[in-house]
2 protein chains.
Amino acid sequence: MTKCASFDLQDFMPYLLNQAAEATSRAFSSTYRTKYGMLQTEWRVLFHLGRYGDLTAKEICDRASLHKAKVSRAVHALIDKHYLTRATRSDDRRHEVLSLTQQGRDVFDDLHQKAQSYEAALLQDFDHAEIAKMRTILIRIAELDQGRD
Amino acid sequence: MTKCASFDLQDFMPYLLNQAAEATSRAFSSTYRTKYGMLQTEWRVLFHLGRYGDLTAKEICDRASLHKAKVSRAVHALIDKHYLTRATRSDDRRHEVLSLTQQGRDVFDDLHQKAQSYEAALLQDFDHAEIAKMRTILIRIAELDQGRD
DNA sequence: GAATAATGGTTGCGAGTGCAACTAACAAGA
DNA sequence: TCTTGTTAGTTGCACTCGCAACCATTATTC
């Protein structure tokens, strides 16, 4: 009854999403942080290159909805760690194509596998159909923001 | 088929949650940011006081899963904005009880109402039962992290 | 009741972020 | 070809955050 006039913070979807997102990404971040000294953006860049092959920084920005400054810094950090190299594209020298090194691929394989394990453990108690439904809703919500920049 | 051995970033729940959380909280943050110059933590502190009455900083930390340093700074910012006052509790002078000023309450009422509108608009396309189910899952996921600090 | 621990809250510092300004390279129009 | 505009990527700066060290107050232990 009073719910109609006033709602709890627990009912506010942005808050709930933030809490859940922080909980899970904090938990998983220790995986790449302690073992490889990586930040979240570095992990995401590494993931994109490992999963989808060579990409330019711009392509990673678009795919991952990351700001170019953030990606630029992550790329530099990953180069310093010898996880990736870059080459200027000869036909358009504005583009820098990024490629994983063997070491970078090894790290990706390790983290990719650990990500799958984490995912499985996180969702083991939930119904598969519910999770599938939730994924589609989350994707829809995330896409609301795509039209910026 | 290949999905069994390798998954996309879109399938990784922490990533998905982050994308959705960032999209929604970025969208709503403009509401309190542009009109009242508030940060997310300030909005959360204001919300707790407006919704649940007078609280100490510690109580807000526990309820909102926020670090005490973050809350401390938010409280100072809100005091500077004349949105709240505080009084040392006479029986235990370590505790500072926070109370909204009339101005703070007005701001809360405005933002609270706007939050409800945003929530309704955000979820209008989705099935009520699905959303309810998702809320419970999100709360469960968020609680996984509670056992820290 | 003196020493020690625990609690609520503050602050300094290093690190990460967002934004806007910038460079370098290419494109288009006159 | 000169000007103007656009795009990919970098960097400086101000701001926010997380952590740990810290202060003040209260509890506990002997």
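The values are calculated or read from the model by the stated rules, or taken from the named source; none is laboratory data. Model, not experiment: these values are computed from the prediction. Cβ placement follows ideal geometry from the backbone for every residue including glycine, while neighbour counts extend to all protein chains displayed.
So here's what we get for this one:
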{"read-out": "Unique residue being touching a His at 6+ places or on another chain (Cβ under 7 Å), under 28 Å from A:T24 (Cα atoms) and not aromatic (F, W, Y) when the list is B:R44, B:R63, B:R140, B:R135", "value": "B:R63"}
{"read-out": "Test result for B:D125, within 10 Å of another protein chain (Cβ to nearest Cβ) and away from DNA strand D (no atom under 12 Å from the Cβ)", "value": "yes"}
{"read-out": "Of all residues in segment A:1-29 being at the interface with another protein chain (Cβ under 9 Å from one of its Cβ atoms) and of a type in the set (G, A, S), the one that is surrounded by the most Cβ atoms within 10 Å (Cβ to Cβ)", "value": "A:A20"}
{"read-out": "Number of the condition not met by A:Q113 [criteria: (1) touching a residue at least 24 places away in the same chain (Cβ under 8 Å); (2) within 19 Å of A:T24 (Cβ to Cβ); (3) more than 16 Å from DNA strand D (Cβ to nearest atom)]", "value": "(1)"}
{"read-out": "Per-region count, segment B:78-126, residues within 17 Å of B:D54 (Cβ to Cβ), within 16 Å of DNA strand C (Cβ to nearest atom) and assigned to a helix (DSSP H, G or I)", "value": "2"}
{"read-out": "Every residue from segment A:77-88 that is near DNA strand D (Cβ under 9 Å from one of its atoms) and either farther than 13 Å from A:T56 by Cα or β-branched (V, I, T) (or both)", "value": "A:I79, A:T88"}
{"read-out": "Identity of the residue in segment B:127-146, surrounded by 13 or more Cβ atoms within 10 Å (Cβ to Cβ) and assigned to a loop (DSSP other than H, G, I, E, B), that ends up nearest to the chain's Cα centre (by Cα)", "value": "B:D145"}
{"read-out": "B:L66 in contact (Cβ under 8 Å) with a residue 24 or more places away in the chain, part of a helix (DSSP H, G or I) and within 13 Å of chain A (Cβ to nearest Cβ)", "value": "no"}
{"read-out": "Condition met for B:Y32 (among the aromatic types (F, W, Y), without any contact (Cβ under 8 Å) to a residue 12 or more places away in the chain and more than 7 Å from chain A (Cβ to nearest Cβ))", "value": "no"}
{"read-out": "Only listed residue being in contact (Cβ under 8 Å) with a residue 12 or more places away in the chain, within 11 Å of DNA strand D (Cβ to nearest atom) and more than 30 Å from B:H67 (Cβ to Cβ), chosen from A:L55, A:L100", "value": "A:L55"}
{"read-out": "Hits in segment A:69-97 (condition: in contact (Cβ under 8 Å) with a residue 24 or more places away in the chain and of a type outside the set (A, V, I, L, M, F, W, C))", "value": "A:K70, A:R73, A:K81, A:Y83, A:R89, A:H95, A:E96"}
{"read-out": "Residue satisfying all of: in segment B:50-60; away from chain A (no Cβ under 14 Å) and in a helix (DSSP H, G or I); surrounded by the fewest Cβ atoms within 10 Å (Cβ to Cβ) among these", "value": "B:K58"}
{"read-out": "Residue check, B:V75 under 12 Å from the mean Cα position of the chain (by Cα) and either part of a helix (DSSP H, G or I) or not hydroxyl-bearing (S, T, Y) (or both)", "value": "no"}
{"read-out": "The lone exception for B:S65 - which of (1) on the phi > 0 side of the Ramachandran plot; (2) at pLDDT 95 or above it fails", "value": "(2)"}
{"read-out": "Selection count, segment A:104-134, where residues are at pLDDT below 95 and in contact with a Leu (Cβ under 7 Å, 6 or more places away or on another chain)", "value": "1"}
